[in-house]
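For reference, the structure discussed in these notes is given below.
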Amino acid sequence: MKKKLPFILLFILLIPCWGISWKPGGDLGVYYKASLWLQKGWVTKLYSDNAEIGNFFYGPFGLSLLKPLALLSFSNANILWLILQTVSYLFFWRFLFKIFPELLSPQRTWLFLLVWLVSIKPIHASFQSHNVQLIFAALLAGAEWGSRSSKRSTKLISGALVTLVASIKIYPSFIAIYYLIKRKTSVKAGLLLGGIISLVIPVIIFGFSTGVSLPGQFIHNALNYHHVYDLAKDTVSLSFPSLLATWLPQSWINHGAISLMTGISSLLFFIWIALTASKVSPHEERNFWAFLWAMMGLLNSTTRPDYFIYFVPAFTSLPLLIEIASKKGLYQIGLVISVALISFITEWTLGSRDLTHHLESLRVPVIGILLLCLMQFMALRNSLKR
């Protein structure tokens, strides 16, 4: 029974996700309207005047993928999206099980229960909002698994996947930088290949003059993101930058404190990764990857509950790292606090939508994310000493 429990629970989680996503809406409505505009030839308008369709902040390669969507009816597009979400759900767990086979160990049923518990909020949010985060998580988890393959072609594809995803939404560039530092030459070549593909495909789809101009327009559009979604006012923005925007004095914010502190944190992370690269065994590498995802989620200014899927590997890795830690009890207390702050500030646990939004507006869940990242860093540092 213990061997079957993970698969039973995964199916149980999938049922309400299907129910909540059956009705079309959310971000899919934006994608569909964007596709209609693309079918009409209003390509550049998507970056210059997109408030009418609900704002659009996706890269040119994403436009190429979205263009055929409006050939379907909206209801059929929703069915297609539900299929994509379901396939992504299955592959995300498949790759997580491959990277952390301990999740399927009958002796560690408690570990799967913990990971399953913290996955509920982001997975449900992805299905509910019809967003791309679960799809991206599956692709990036597959890229991580493939980057360790013995086959050069698989490594090449893995690197290309990371860059292609980063060409749609900017934040996976965090992973691309990590791969440039730590992965083999074949993976780095894949990153370059993915970059080339992401530039060439829009030129083929939209024509030379339009395709060449789109990257610049996208960057200009992306820089306006927080003019539309104010970091301090957007309740569901749950990241280190939104925490700073909420709690720092306005004079500090006006002088660029958020960009400076986020940039320094990113720089220190990659410096530490570069300094420790030669000390990490292939088996330990998965724990650094889990830390990478968690840091990406923390530092990405657009992180919302559906992005919490990127904390799931850290909740898998950390309990394994601390099994032989000298201060195991402190880590366990920290884990409980982190889970409570990240996963249980929701309407269905607190019983109040207003209370949930108030705590989110104070960025209380970000405290849990900071704690998770700090514990992962300390556990990794201790593992290097052993």
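Summary table
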| quantity | calculated |
| --- | --- |
| Region 147-292 shape via C-alpha gyration tensor axes, a/c threshold 1.5 | oblate |
| Principal axis dimensions, largest first and in whole angstrom, of region 1-155 by Cα | 57, 41, 22 |
| Measure of compaction for region 340-386 (Cα Rg per 2.2 N^0.38 Å) | 1.54 |
| Cut-off 10 Å between beta-carbons: net charge of the residues surrounding residue 302, Lys and Arg +1, Asp and Glu -1 | +1 |
| Accessible-area order (highest first, 1.4 angstrom probe) of the listed residues 272, 37 | 272, 37 |
| Kyte-Doolittle at least 1.6, axis length at least 27 Å by Cα - qualifying DSSP helices, the chain | 185-206, 257-276 |
| Bins of 5 Å, starting at 0 and running to the largest distance - Cα pair percent for region 253-332 | 3, 13, 17, 19, 22, 14, 7, 3, 1, 0 |
| Spin-label model distance (nm) - residue 55 vs residue 281, 7 Å beyond Cα toward Cβ | 4.7 |
| Distance from region 1-70 to region 360-374 (C-alpha centre basis), Å | 27 |
| Net length gained if the chain between residue 333 and residue 180 were fully extended (0.36 nm per residue, minus Cα distance) | 51.5 nm |
| Where Rh is the Kirkwood radius over Cα pairs, Rg/Rh for region 13-84 | 1.01 |
| Percent breakdown of C-alpha pair distances by 20 Å bin, ordered from the shortest bin, for the chain | 26, 61, 12, 0 |
| Volume per residue of the C-alpha convex hull in region 291-386, rounded to whole Å³ | 91 |
| Rounded, prolate or oblate (a/c below 1.5 giving rounded, otherwise prolate when a/b exceeds b/c) for region 71-223 by Cα gyration tensor | oblate |
| Most fluctuating residue given options 11, 308, 206, as computed from a GNM of the chain linking Cα atoms under 10 Å | 11 |
| Listed residues 26, 194, 159, most fluctuating in the chain (Gaussian network, C-alpha, under 10 Å) | 26 |
| At q = 0.14, 0.17, 0.19, 0.29 Å⁻¹, base-10 log of I(q)/I(0) for region 214-254 (Debye sum, equal scatterers on each alpha carbon) | -0.38, -0.53, -0.62, -0.96 |
| For region 41-118, diffusion coefficient by Stokes-Einstein and Kirkwood Rh (Cα), 10 °C, 1.306 mPa s, µm²/s | 99 |
| Sum of side-chain charges, residue 176 neighbourhood, beta-carbon under 13 Å (Lys, Arg +1; Asp, Glu -1) | +3 |
| Cα convex hull volume per residue for region 157-240 (Å³) | 114 |
| Too-long pairs where the Cα-Cα distance tops 18 Å, listed order kept, from 151/184; 23/45; 67/155; 155/184; 121/328; 40/67 | 23/45; 67/155; 121/328 |
| Cleavage-rule hits (chymotrypsin sites (Phe, Trp or Tyr not before Pro)) in region 93-179: DSSP loop, at most 13 neighbouring Cβ within 10 angstrom | none |
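The values are calculated or read from the model by the stated rules, or taken from the named source; none is laboratory data. Keep in mind the model is a prediction, meaning the values are calculated, not measured. Heads up, the Cβs are rebuilt from the backbone with ideal geometry, glycines too, and the neighbour counts pull from every protein chain shown. All accessible areas refer to the heavy atoms of the entire protein, side chains included, with ligands and DNA or RNA removed. Shrake-Rupley method; radii C 1.70, N 1.55, O 1.52, S 1.80 Å.
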